[in-house]
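Participant: Following this message is one structure expressed as structure tokens.
The values are calculated or read from the model by the stated rules, or taken from the named source; none is laboratory data. Quick caveat, the model's predicted, so the values are computed rather than measured. We place every Cβ from the backbone using ideal geometry, glycine too, and count neighbours over all the protein chains shown.
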Amino acid sequence: MIMKTFALKKENVDRQWFVIDASDKILGRVATKIADRIRGKDKPTFTPHTDGGDYVVVINAEKIKVTVRNLMIKNITLTHYILVG
């Protein structure tokens, strides 16, 4: 029995709408989940060269959490690039 590799075609894409509530969630984790949904990496039919992702709507984005550690890293990085030498 010969096994063939599955390749998703653009005509066979089944798109769905997802609503994600971002209130009190951490920015990086929500962004990763959204990116996986849009690209289609969470589906068993994932094919890198085909857009097989879903549609995503994010609500309550203004209530998302940004951790203090990430803000500190951002400030240190900016300071490092400003004070070169």
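Participant: List the pairs whose first member sits in the range 58-70 and is under 19 Å from residue 35 (Cα atoms) and modelled with pLDDT of 90 or more, whose second member is surrounded by 11 or more Cβ atoms within 10 Å (Cβ to Cβ) and among the β-branched types (Val, Ile, Thr), and whose Cβ atoms are under 6 Å apart, counting only residues at least 6 apart or on separate chains?
Facilitator: Within 6 Å, the pairs are 58/20.
Participant: Continuing with this model, one more query. Considering only residues that are of a type in the set (Val, Ile, Thr) and under 30 Å from residue 69 (Cα atoms), which ones fall in the range 1-59?
Facilitator: Going through the range 1-59, the residues of a type in the set (Val, Ile, Thr) turn out to be 2, 5, 13, 19-20, 26, 30, 32, 34, 38, 45, 47, 50, 56-59.
Correct list: 19, 20, 26, 30, 32, 34, 38, 56, 57, 58, 59.
Participant: Hey, another quick one. When the residues of the range 25-57 are narrowed to those that are in a loop (DSSP other than H, G, I, E, B) and over 18 Å from residue 10 (Cβ atoms), which ends up modelled with the lowest pLDDT?
Facilitator: Quick first cut of the range 25-57, residues in a loop (DSSP other than H, G, I, E, B) only: 25, 40-54.
Filter once more, keeping what is over 18 Å from residue 10 (Cβ atoms): 25, 42.
Details: 25: 93, 42: 86.
Checking each candidate, the answer is 42.
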